[in-house]
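The values are calculated or read from the model by the stated rules, or taken from the named source; none is laboratory data. Values in this document were obtained by computation on a predicted structure and should not be read as measured data. Backbone-built Cβ (ideal geometry, glycine too); neighbour counts: all protein chains shown. To get the accessible areas, we keep the full protein, side chains included, count just its heavy atoms, and leave off ligands, DNA and RNA. Shrake-Rupley method; radii C 1.70, N 1.55, O 1.52, S 1.80 Å.
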Amino acid sequence: MAEAKDRDQAHLFVSPHFDDGVFSCGGRIHQLTRAGQSVSVLTMMGGLHVGELPKSPILDDLHERWMAGEDPLRARQAEDERALSRLNAEHVHIDLTDCVYRQVGGVPLYPSEESLFGSVHEADYALEYLRTVSLPDSERRLVLYLPLAVGHHVDHQIVRDWGIGLLRDKLENWTLHFYAEYPYFNTERAITLALSKMDMPLQEKHFNLSEIDLAAKVDAMACYESQISTFWDDVEAMALDLRRASLNPRTGQLVERYWETVS
């Protein structure tokens, strides 16, 4: 049972794409909802594409990998809805598309695999768009979870920077955690590099997971059928890799890794 002071909090996990929140934070989300706390996942690049698709190698490759039918973005939305329903969390999808769909003057901004993990394109309008987005209303104290941009994906950089800009004047009223994105954090160097980009003091914080939490996370992750083949051979391989990545080698405890601001 959640303590009264915890029930006065609302937890908001900000996810760049449909799967990032669950892949990275699904164990913590399960803990919180199981304790009766309010949890929402806000997917920032959660919109559907309208009009002619960009013509680019990366988009052709992704659609082939996803095998998600004629409307792959709607299929991915549905996967996200199913996953968060399994975790008893609310979902909110912002009407902005994944970077591979964004184009200016008919020219795709991110046409290749390499471009997804480089610098944000100078013509990308995503950050300005996100600055018009209001957070879901809540009378409770907000606990906000932002991506650390481990892996340097452009959408993760944009969402991280949006969150930091939003929070600069509100850190006294909100609690902030940055999360390490799975599976991008599979090398410690990737985390070190992401932390080096931060201009605020942070300290690492682990949330210990039970076997029940891990199983719930695996169950939710399996809902993202379009994404499994990108990273693993099958769901069983995903579950094994997640357990390995979640194991703290010093303690033997299953954990999710977060970083919190230091006052």
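Heavy-atom accessible area for Lys217, with the other protein chains in place and a 1.4 Å probe, reaches approximately 10 Å².
Please give the per residue accessible area of the range 20-125, computed with a probe of 1.4 Å over protein heavy atoms only, in Å².
I get 46 Å² per residue for the range 20-125.
So for the pair Asp241, Ala123, with labels modelled 7 Å out along Cα→Cβ, what separation do we get in nm? Result: 3.4 nm between the two label points.
Expressed as a whole percentage, what fraction of the accessible surface of the range 31-154 belongs to carbon and sulfur atoms when a 1.4 Å probe is rolled over the protein heavy atoms?
On the range 31-154, the fraction of accessible area on carbon and sulfur atoms equals 48 percent.
For the chain, the longest principal axis of the Cα atoms and the long axis of helix 72-86 meet at an angle of about 10 degrees. Against the chain, whose longest principal axis is taken from its Cα atoms, helix 211-221 shows a tilt of about 20°.
Bridging of Lys197 to aspartates and glutamates at a Cα separation below 17 Å is possible for Asp155, Asp161, Glu181, Glu188, Glu260, once same-chain residues fewer than 8 apart are set aside.
Show log10 I(q)/I(0) for the range 105-263 at q = 0.14 Å⁻¹, two decimals, from a solvent-free Debye sum over equal Cα scatterers. So the normalised log intensities work out to -0.88. Computed from label points 7 Å out along Cα-Cβ, the spacing between Leu53 and Leu193 is 2.9 nm.
Return the loop-located GluC sites (Glu not before Pro) in the range 31-139 (DSSP other than H, G, I, E, B) with at most 13 other Cβ atoms within 10 Å of their own Cβ; answer none if there are none.
Filter output for the range 31-139: Glu52, Glu70, Glu122, Glu139.
The angle between the Cα long axis of helix 57-66 and the longest principal axis of the Cα atoms of the chain comes to about 50 degrees, rounded to the nearest 10.
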